[in-house]
Amino acid sequence: MKEKPSILITGASGGFGREFARQLEDTGCHLLLHGRDRPRLQMTLECLLHPERHRYLRADLSTATGVESLLYQLEPEEKLVGLVNNAGLGAWGPFERRQIVSHMDVLQTDLVATVHLTHALLPQLIKNKGFIINVSSLAGETPLPYMSTYAAAKAGLTYWSEALRVELKGSVNVVTLAPGPSPTGFRDISGMPRDKGGIFRTSSRDIVQASLKTLKRGGGYCVPGLRHRMLYLLQKVIPRRLALIMIGRHLRH
Ligand SMILES: NC(=O)c1ccc[n+]([C@@H]2O[C@H](COP(=O)([O-])OP(=O)(O)OC[C@H]3O[C@@H](n4cnc5c(N)ncnc54)[C@H](OP(=O)(O)O)[C@@H]3O)[C@@H](O)[C@H]2O)c1
């Protein structure tokens, strides 16, 4: 059986995931493009130089069964050398006005599924001296009124990813990517008005490029681009009490 070095990218049916696929294609690896939406996954395949070398896998990561089904679809000849944990969504609006199911979907998809998937795939990644990119968010640095479960999930993801980075030093390179706003499908899916976070927007291309640069340096915490670094700096210098008032005003209707 001829082994194929492979990279699994979750949430590859659009946004950052599609951009990761574009930028990781020249590694020569077989790309495993995960998502739920078949036509959009097909579009990702078609925007690659050699679509015939890659394939897509469908699974809903908001349930443990969905994670198991994704793991089940990996084939024995696929030698996993990279995992990009990118799938995610937010739930915008007052906490009590959204169905609990949408909040649970955020926590399950953004945090629980990532931990589950990584735990299952880590033995292979260690054996192959591979890498992990965890797509977190600057939302993980500050509590966000009207996006409370999203900020909670991303804070959890950042803490877990950063701790894992230290544990895996020397065997698996880990990048914790913490972008701010970017024009992808994220706002529509999360139900968030498009005008939120406007001045800090940075393109998917620059965000993904920055994370791959961090990976080349052996991993790290990556806040991509000047605008997002400015936002990060503001998060660090503005007292939380004041930040909560400002963010609450900005994010509510
Ligand atoms: N855009 C931003 O402003 C921003 C900023 C910071 C961090 N992020 C993070 O970046 C990551 C990618 O988001 P994006 O901006 O590229 O948004 P996007 O265009 O909406 O893409 C989200 C991806 O996640 C997948 N996904 C969502 N829920 C899923 C579920 N239950 N099961 C399986 N897959 C699911 C989607 O798959 P299907 O469409 O096929 O269902 C899609 O491929 C997310 O983790 C997000 O939190 C985004």
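FYI, it's all coordinate maths here, none of it is from the lab. Here the structure is a predicted model, which means the values were calculated and not measured. Glycine also receives a Cβ, built like all others from the backbone with ideal geometry; neighbour counts cover every protein chain displayed.
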**Prompt:** Using alpha carbons only, how many degrees (0 to 90, rounded to 10) separate the axis of helix 240-251 from the longest principal axis of the chain?
**Reply:** 80
**Item:** Electrostatic dipole magnitude of the chain [Cβ: Lys, Arg +1; Asp, Glu -1; Cα centre; debye, to 20]
**Value:** 820
**Prompt:** Summing -39500 (n - 2.57) over the DSSP H runs of n ≥ 4 in the chain and dividing by its residue number, what mean residue ellipticity at 222 nm do you reach, to the nearest 500 deg cm²/dmol?
**Reply:** -14000 deg cm²/dmol
**Asked** Once you charge only the Cβ atoms, +1 for Lys and Arg and -1 for Asp and Glu, what is the size of the charge dipole of the range 1-81 about its Cα centre, to the nearest 20 debye?
**Response** 120
**Asked** Taking a threshold of 24 Å on the Cα-Cα distance, which of the pairs 129/216; 169/236; 129/236; 127/154; 129/154 fall above it?
**Response** 169/236; 129/236; 127/154; 129/154
**Prompt:** Along the positive direction of the dipole of the range 4-251 (beta-carbon charges: Lys, Arg +1; Asp, Glu -1; about the Cα centre), which of 211, 149, 190 reaches farthest?
**Reply:** 211
**Asked** If you wrap a convex hull around the C-alpha atoms of the chain and split its volume per residue, what is the figure in Å³?
**Response** 120
**Request:** For the chain, find the longest principal axis of its Cα atoms and tell me its angle to the long axis of helix 148-167, 0 to 90°, nearest 10.
**Result:** 50
**Message:** Rounding to the nearest 10 and keeping the result within 0 to 90°, find how far the Cα-based axis of helix 113-127 lies from the longest principal axis of the chain.
**Reply:** 40
**Asked** Binned at 5 Å from 0, what are the whole-percent values of the Cα-Cα distance distribution for the range 84-167, short to long?
**Response** 3, 15, 25, 23, 15, 9, 6, 3, 1, 0
**Prompt:** What is the range 13-92 by shape, rounded, prolate or oblate, if you read a ≥ b ≥ c off the alpha carbon gyration tensor as root eigenvalues and call it rounded for a/c under 1.5, prolate for a/b larger than b/c, and oblate otherwise?
**Reply:** oblate
